[in-house]
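Before any comments, here is the structure.
The values are calculated or read from the model by the stated rules, or taken from the named source; none is laboratory data. These numbers come from a predicted model, not from an experiment. Quick reminder, even Gly has a Cβ in these numbers, built from the backbone with ideal geometry, and neighbours come from all protein chains shown. With ligands, DNA and RNA removed, areas are computed over all heavy atoms of the protein, side chains included. Shrake-Rupley method; radii C 1.70, N 1.55, O 1.52, S 1.80 Å.
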Amino acid sequence: MDDYSYLPQQSEEHFKAHNKNDLDFIELNSLSSCLICFPIEKQSSRQFQDFWNWFLNKHLAETYTTYTTYYFNQAYFENNFEERNNTTETPFETEKKSYQTAPVFDFLSNKSDSSIQTVTPEPMANDSMQANILATLQDIQIALRRRNNISLLLFRGNAQDPIEWLDDFERAVTANQYDEKYKFQIVGGYLQGFPAIWFSQETDANAQHRIIRWTLINAEEENTSFTTQFEAKFRTPILISKWCMELERRTQGPEEVVTKYAKAIRKLIKCVDSGRNWTEEQKIHSFTKGLKTDLFYAFWPLLALKDNLTMDMAIELAQ
């Protein structure tokens, strides 16, 4: 069950800000059930009206907003692509685009009911319609969990480290509870310059190995995975040479703790060995060769006593 107990206080603070005309607070604390921020448009799709009528019969709800129709249409059309040309998709207001990753709908209404659970409609005569609505509601549930707690950084290429950017991007989207599908939907907006042009070309329908997913699940999907193709494109020979040199020269600083030094070594190994082909012996050598001399000689005998030694074990022994 999702927790919506925070909504009453959030709503109260939001509407107080409207009364005070506190635009800065409103921008930083958007409320998707606010009719002032997201007024109902004059016309909504037939599919949405059918859904809303059904929803009103099942749950307490006062009204919906533009945010509701936008995300319903987005989820519905993804599951009903063949109907796209027969349906008018409600556009999201330009000035509201910055709110697209905020909490969605406040669960489709102005009611802040902490007992709301995942919606499952009763069986319908039309199996296809039932499947479509179920799929749509599942997408809505996923959208409800998304947050915008951590900002995402841009990737412009040039001397920017692609591995570091990808790691930072992954950490942020994981914290924001973005799923694989949504990560792929938004990543193009965080590429600029040549990387943006590359992404547009590689996701085009006519691309030889069109990128259609965030990451691979099996080897057959390697040519269509964003993460795989991104590393292959922007992990250039010049950068690899730079990382190799940094790894060879990296030593533990006089006041540097082992954990910080180990983190730096792990990062460089990941950059150099993108195929994850290095043996544990190679990793251990890269870690131990730069340790402070007194520390190295103190724990080296312990390494010799360990069987099937891994880099993790070596780091633990060195601490």
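Amide H contacts under 5 Å for Phe155: Leu191, Gln192, restricted to partners 5 or more places along the chain or on a different chain, H placed in the peptide plane at 1.01 Å from N.
In terms of accessible area, using a 1.4 Å probe and ignoring ligands and nucleic acids, Val257, Val272 rank largest first as Val257, Val272.
In the range 140-297, taking the dipole from charged Cβ atoms about the Cα centre, the farthest positive-side position among Leu239, Ser151, Thr228 is held by Ser151.
Is there a pair in Lys181/Lys260; Lys242/Lys263; Lys242/Lys292; Lys181/Lys233; Lys260/Lys292; Lys233/Lys260 whose C-alpha atoms are over 25 Å apart, and which pairs would that be? Could you put the intermediate results ahead of the total?
On the way: Lys181/Lys260 34 Å; Lys242/Lys263 18 Å; Lys242/Lys292 23 Å; Lys181/Lys233 22 Å; Lys260/Lys292 13 Å; Lys233/Lys260 29 Å.
Result: Lys181/Lys260; Lys233/Lys260 exceed 25 Å.
Using +1 at the C-beta of Lys and Arg and -1 at the C-beta of Asp and Glu, which of Ala262, Leu303, Thr251 has the Cα lying farthest in the positive direction of the dipole of the range 187-308? Positive-most Cα among the choices belongs to Thr251. Annotation: Glu180 carries an accessible surface of approximately 80 Å², with a 1.4 Å probe and no ligand, DNA or RNA atoms counted.
Solvent exposure of Ile238, expressed as accessible area, is near 140 Å², computed with a probe of 1.4 Å over the protein chains only.
Ignoring ligands, DNA and RNA, how do Lys181, Lys283 rank by accessible area with a 1.4 Å probe, largest first? Present the calculation step by step, with values, prior to reporting the outcome.
Numbers: Lys181 100, Lys283 50 Å².
Descending order: Lys181, Lys283.
So with the 1.4 Å probe, I'd like the accessible area per residue for the range 163-319, rounded to whole Å².
Details: 9250 Å² over 157 residues.
Ligands and nucleic acids excluded, the figure is 59 Å² per residue.
Couplings 3J(HN,Hα) for the range 306-315, derived from phi with the Karplus relation 6.51 cos²θ - 1.76 cosθ + 1.60 (θ = phi - 60°), are 8, 8, 6, 5, 10, 5, 4, 5, 5, 5 Hz, where x marks Gly and Pro.
Would you work out the charge dipole size for the range 221-319 about its Cα centre, treating the Cβ of every Lys and Arg as +1 and the Cβ of every Asp and Glu as -1, and quote it to the nearest 20 debye? If you can, show how the numbers build up before the last one.
Working: 15 positive and 14 negative charges, 71 e Å.
It works out to roughly 340 debye.
Whole-Hz Karplus values for the range 14-23 come out as 5, 6, 5, 5, 4, 5, 8, 6, 8, 5 Hz, taken residue by residue from phi with 6.51 cos²θ - 1.76 cosθ + 1.60 and θ = phi - 60°; glycine and proline positions read x.
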